[in-house]
Amino acid sequence: ELDRDGVHGDEKEVSAIRHRRCEAIFKMLNDLLSIEGKGRAEARQAVTSKLKDFTRIDGNRTAHLIGTIQSSTGDGDGLGGQVQNRAEDLENKLLTENYIEAICQIDPDAVLSYLQRNEGNYRLDAVLQVIMNFAAEGTFTCDDAAVYLLERLGDIGGGLDIILRVVRTGLALLLAKL
């Protein structure tokens, strides 16, 4: 039976169940990340190893998890602390890069805005390589994100080549319709 919005009651019930499960999953993940002591590193590793899966469930909440992981890195003291902070900084960048890779697969149109909002939280060359690999496979394209990264790396010519390719492709499609 349809309700006033034209939605079946069963569909609403399934949607409500999915929403409750999603809430439970991310509550459990946040609880897991709040573990103190000996199991903290294992908990972080377990969560970060499945980020792509979590992104498929809810990209926004996964982004929040990444923020939680990044903000939970401890401050070290002295030289040992500096080494630890550098290692954690690299770990956070790798985490962000994995998330960007997942966004590329799920919502390529959202990649550029994510890159712009998270400037400095990823390695430009590593993210560009991920984007270019998917483009080479023909899986998807994030041309705007690739142009942005190339410009940030100082390769204006590379960015212009991509723009020209996109324009040529669009023009060829337009001419084919005539």
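The values are calculated or read from the model by the stated rules, or taken from the named source; none is laboratory data. On a predicted model such as this, the values are computed, not experimentally measured, just so you know. Here the Cβ positions follow ideal geometry from the backbone for every residue, glycine too, while neighbour counts run over all protein chains shown. Just the protein is used for accessible areas: all its heavy atoms, side chains included, with ligands, DNA and RNA removed. Shrake-Rupley method; radii C 1.70, N 1.55, O 1.52, S 1.80 Å.
Side notes on the structure shown:
- Of everything listed in (1) over 27 Å from residue 113 (Cα atoms); (2) of a type in the set (A, V, I, L, M); (3) at pLDDT below 75, the single unmet condition for residue 90 is (1).
- Look at (1) at pLDDT 80 or above; (2) open to solvent by 100 Å² or more (accessible area, probe 1.4 Å); (3) within 22 Å of the chain's Cα centre (by Cα) and you find that residue 56 fails only one, number (1).
- Test result for residue 144, assigned to a helix (DSSP H, G or I) and at pLDDT 85 or above: yes
- Residue tally, condition surrounded by 13 or more Cβ atoms within 10 Å (Cβ to Cβ) and either modelled with pLDDT under 80 or under 21 Å from residue 92 (Cβ atoms) (or both), over the range 8-49: 12
- In the range 154-165, the qualifying residues are those that are of a type outside the set (A, V, I, L, M, F, W, C) and not in a loop (DSSP other than H, G, I, E, B), and the one that is surrounded by the fewest Cβ atoms within 10 Å (Cβ to Cβ) is 157.
- If you check 147, 127, 111 for being under 20 Å from residue 58 (Cβ atoms) and surrounded by 15 or more Cβ atoms within 10 Å (Cβ to Cβ), only one passes: 111.
- Index of the failed condition, residue 151 passing every other in (1) farther than 22 Å from residue 166 by Cα; (2) among the acidic types (Asp, Glu); (3) not in a loop (DSSP other than H, G, I, E, B): (1)
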